[in-house]
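Colleague: Shown below is the structure under consideration.
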């Protein structure tokens, strides 16, 4: 197909705009990586813009020796693995039941779940409940909280509704296959795609979890990575504020340490997500699309 | 008679399918404990909470907490901060993913298109802590790369986190950076559903790409856009806690204190449970009312609604 002059101009502008947007998105990520390999003096004097300079692994060496980071890393891996496992079991089984044609009271149950998307008790009542049942400062809280997200439940239910046709239920019933066997042997194997979507959504959520940890965990040994990160990344900000008025020596000491490792910490903490990203991205696109079907 | 037989038939059916209820049970219990029990705790908003007496035993104080909140000097600022930040975010954050989706969709080189898509979704998966950390690093007045560029252009470096006037821009623009790609997915998939026949017919009639975007693509994603807009308007008062909280400092506090961070500070840090629960309830009721109104409006105008 031959392009008209107008279309050629359009294409050109389009490529320029999209190229610029891509660079704008990519650059901060790229900057963190090159800064993590550059000498802190160079970074701090603003000499690192496009390529790493004064290449050094000092930041990473310090970071490897930092016990807090590794405790946070280990905790986050535990929370993510067990939390996501619980999410999948609870969500998939409930979604199957809600999609099943023979469930009596479907309307009621759907209303029961959906209502919580629009109304909640709020921060304080939930805080009191969590405290009452002994989950405060209990690492289990970061595994249990958010065990089922109603949004994901609806996505999974929509998936089951579209992949399990009525004939399949009939065939299973004729062969004397009970509901539980039907779930385990037919529905679950057929739902690999939706399970992958849910693993991505829930898994990223656990990895990046900050709020629940802030609310319910105060013991350092249970800190997830994000709380450790916050201490490292956001304390240097405090220095910047006071430095204009008076120098605080202790804070500056800690700031110097933070300056050294902060880029490496950003890279290392985001690495697992970026590593699975190429694999995961087709699944979350799918998830958003299934989610939009119901709307 | 007919009703009782129907009831019995249903009961029989439920019994036969008891397994389904077992499968539903964990999710049901979770939502009961972590969603519905806290709703019961809303009564705290009308009580003077004493830990020893529990939620039920604490004495009633009626609307005292609400009165205190409405009368407090913080009230006007906090509500205004919440609404203005949220509306600003909506105003900028809503159209950009649509524009992006239109541009990506009309990109004819498949490889470039895929590359752009994969790249711009990525920031969505970065944690809020890292995002705010990155912002502070890049915008530092002494060492930030943005200020390096500003001063190389001959201008004075800007202390972005040190002046309250920048807070809202930083919040909204970083949100655009992080989420524009992800939020465009829904429009891109809607555009993929547009029949190519229409485009072909338009090409035959000599329509340019620009014209086709304007008269074919845009109208065909309008329903999706309307639903998204309505949903976002319904959430104007429920702006997220995490990013605002992490971006706060003593300087930007006059514009950065919003309802959710206020609840956190009053309730969790100062343990003023009753008062905080009242502020929370105030916020939830407004949210819910907004949602109901917006949903009704949507049902009337576009025929689509949330329930």
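Coordinate-derived values only; no laboratory data. All figures in this text were calculated on a predicted structure; none of them were measured in a lab. Reconstructed Cβ throughout: ideal geometry from the backbone, glycine too, with neighbour counts over all protein chains shown.
Colleague: Where does chain B land on the Kirkwood hydrodynamic radius, alpha-carbon pairs, in angstrom?
Modeller: Working: mean 1/r = 0.0419 Å⁻¹.
About 23.9 Å, per the Kirkwood formula over Cα pairs.
Colleague: Another one. On the first, second and third principal axes, largest extent first, how far apart are the outermost C-alpha atoms of chain A in Å?
Modeller: Its Cα atoms span 76, 71, 33 Å along the three principal axes.
Colleague: Which distance in Å, rounded to a whole number, links the C-alpha centroids of segment B:71-138 and segment B:248-300?
Modeller: Segment B:71-138 and segment B:248-300 have Cα centres separated by 21 Å.
Colleague: At q = 0.33 Å⁻¹, what is the log10 ratio I(q)/I(0) for segment B:188-227, with the Debye formula run over Cα points and no solvent?
Modeller: Cα-only, vacuum Debye calculation for segment B:188-227: -1.15.
Colleague: Given only helices, namely DSSP H runs of n ≥ 4 each adding -39500 (n - 2.57), what is the per-residue ellipticity at 222 nm of chain A, to the nearest 500 deg cm²/dmol?
Modeller: Per the formula, -24500 deg cm²/dmol.
Colleague: Compute the relative contact order of segment A:78-216 as a whole-number percentage, counting only Cα pairs closer than 8 Å that sit 6 or more residues apart in sequence.
Modeller: Working: 91 pairs, mean separation 65.4, N = 139.
About 47 percent, as a whole number.
Colleague: Which three lengths, in whole Å and largest first, does segment A:158-231 cover when its Cα atoms are put on their principal axes?
Modeller: 60, 19, 16
Colleague: Report the Stokes-Einstein translational diffusion coefficient (µm² s⁻¹, integer) for the protein assembly as shown, Rh taken as the Kirkwood radius over Cα pairs, at 4 °C with viscosity 1.567 mPa s. Each step should come with its number before you reach the end.
Modeller: Numbers: Rh = 26.8 Å.
Translational D for this selection: 48 µm²/s.
Colleague: Step by step: find N for segment A:78-216, compute 2.2 N^0.38 Å, then divide the Cα radius of gyration by it. What's the final number?
Modeller: Numbers: Rg = 17.0 Å, N = 139, 2.2 N^0.38 = 14.3 Å.
After normalising by residue count via 2.2 N^0.38 Å, the value is 1.18.
Colleague: Any chance you could list P(r) for segment A:1-158, counting all Cα-Cα pairs in 5 angstrom bins from zero, rounded to whole %?
Modeller: Spelled out per bin, shortest first, that is 1, 7, 9, 9, 9, 9, 9, 10, 11, 11, 8, 4, 2, 1, 0.
Colleague: Right, here's the next one. With 10 angstrom as the radius, rank A:130, B:204, A:43 by how many other C-beta atoms surround their C-beta, starting from the fewest.
Modeller: B:204, A:130, A:43
Colleague: Provide B:177, B:80 in ascending order of the number of other Cβ atoms located within 10 Å of each residue's Cβ, fewest first.
Modeller: Working: B:177 19, B:80 12.
Fewest to most other Cβ atoms nearby, the residues stand as B:80, B:177.
Colleague: Here's a follow-up. Rounded to two decimal places and with Rh computed the Kirkwood way over Cα pairs, what is Rg over Rh for segment B:18-126?
Modeller: Computed over Cα atoms, the ratio is 1.23.
Colleague: With the calculation restricted to Cα positions, what are the radius of gyration and Dmax of segment A:1-56 in angstrom?
Modeller: 18.0, 55
Colleague: Against the empirical 2.2 N^0.38 Å scaling, what ratio does the C-alpha Rg of segment A:129-197 come to?
Modeller: 1.57
Colleague: Further question on the same structure: Would you mind listing how long segment B:35-193 runs along its three principal axes, going by Cα atoms, in whole Å with the largest first?
Modeller: Per principal axis, max minus min of the Cα coordinates gives 68, 49, 26 Å.
Colleague: Per residue of A:94-106, how many C-beta atoms from partner chains lie within 10 Å of its own C-beta, taken as a mean?
Modeller: Mean shielding count: 5.
Colleague: To make sure I understand, if each residue's beta carbon is the centre and we count other beta carbons within 10 Å, what order do A:144, A:249, A:48 fall in, fewest to most?
Modeller: Values: A:144 20, A:249 7, A:48 23.
Starting with the residue having the fewest Cβ neighbours, the order is A:249, A:144, A:48.
Colleague: Can you tell me which of A:32-38, B:248-254, B:68-74 comes out highest on packing, and rank the rest after it, using the mean Cβ neighbours within 10 Å?
Modeller: A:32-38, B:248-254, B:68-74
Colleague: How big, on average over all directions, is the shadow cast by the Cα convex hull of segment B:166-280, in nm²?
Modeller: Projected area, direction-averaged: 9.7 nm².
Colleague: Tell me, rounded to the nearest percent, the portion of alpha carbon pairs in segment B:2-57 spaced more than 15 Å apart.
Modeller: 67
Colleague: Then there is this: For segment A:107-150, what's the radius of gyration and Dmax over Cα atoms, in angstrom?
Modeller: 12.4, 37
Colleague: Over all Cα pairs of segment A:50-112, how is the pair count split among 10 Å bins, expressed in % and running from 0 up to the last occupied bin?
Modeller: 17, 22, 18, 16, 13, 12, 3
Colleague: Sticking with this structure for a sec: Starting from one equal scatterer on each C-alpha and no solvent at all, send me the Debye-based log10 I(q)/I(0) for segment B:130-182 at q = 0.20 Å⁻¹, two decimals.
Modeller: For segment B:130-182, the Cα-only Debye profile gives -0.73.
Colleague: Need one number for segment B:230-307: average projected area of the convex hull over its C-alpha atoms, nm². Mind dumping the intermediate values first?
Modeller: On the way: hull surface 24.5 nm².
So the Cα hull casts an average projection of 6.1 nm².
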